[in-house]
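Notes to accompany the following structure.
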Amino acid sequence: MKKAGVDMKKIREKDQNDWESICCRCGRCCYEKIDFEGKIYYTDLPCEFLDTETKMCRVYADRDRKRPGCIRLTAAYVKEGFLPADCPYVADIENYPAPSMSDEDDSENS
Ligand code: SF4
Ligand code: SF4
């Protein structure tokens, strides 16, 4: 879900609360991903700590300890191509290298 009219550059310069408010809590980035020959593919397997009903992390404040490897989003990291194409953090990135979603692959192959 994109937030129309949001100046992402200015928001990125603000504090952490503003940064986190960009997230629309879709939970998609908390699904396992596979890097195959440099291309990222999403799977339909959620992180063990993702509440798939609310799409919220059940250990958010403690996620660094509970799940080493859970990466905190930074302005630099969002450009790496791990977030889905409709994530608001990547909305203003030109030629963003969006990963393939598992459901997209299904429809392409059917
Ligand atoms: S994909 Fe983007 S909007 Fe969705 S939960 Fe992750 S950071 Fe938030
Ligand atoms: S631990 Fe990290 S990857 Fe797992 S649900 Fe929480 S924020 Fe998402």
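The values are calculated or read from the model by the stated rules, or taken from the named source; none is laboratory data. This one's a predicted model, so the numbers in the text were calculated from it and none came from an experiment. Using ideal geometry, Cβ is built from the backbone for each residue, glycine included, and neighbour counts are taken over all protein chains shown.
Restricting to segment 16-34, and then to whatever is buried (at least 16 other Cβ atoms within 10 Å of the Cβ) and near ligand 1 (Cβ under 7 Å from one of its atoms), can you tell me which residue is nearest to Y77 (Cα to Cα)? For segment 16-34, the residue satisfying everything is C29.
The set of residues in segment 49-65 that are part of a helix (DSSP H, G or I), more than 16 Å from E32 (Cα to Cα) and not small (G, A, S) comprises Y60, D62, D64, R65.
Can you work out which of the residues in segment 47-95 that are of a type in the set (V, I, T) and near ligand 1 (Cβ under 9 Å from one of its atoms) is modelled with the highest pLDDT? Per the stated criteria, the residue is V90.
Within segment 35-50, restricting attention to residues that are surrounded by 13 or more Cβ atoms within 10 Å (Cβ to Cβ) and free of Cβ contacts under 8 Å to residues at least 40 places away in the same chain, the residue that is farthest from S100 (Cα to Cα) is F49. Cβ separations smaller than 7 Å between residues 6+ apart or across chains give the following pairs from segment 80-94 residues that are under 17 Å from W19 (Cβ atoms) and part of a loop (DSSP other than H, G, I, E, B) to residues that are modelled with pLDDT of 95 or more and more than 16 Å from ligand 2 (Cβ to nearest atom): L83/V90.
For first residues located in segment 21-33 and within 10 Å of ligand 2 (Cβ to nearest atom), partners that are basic (K, R) and lie 6+ apart or on another chain with Cβ distances below 6 Å form the pairs G27/K55.
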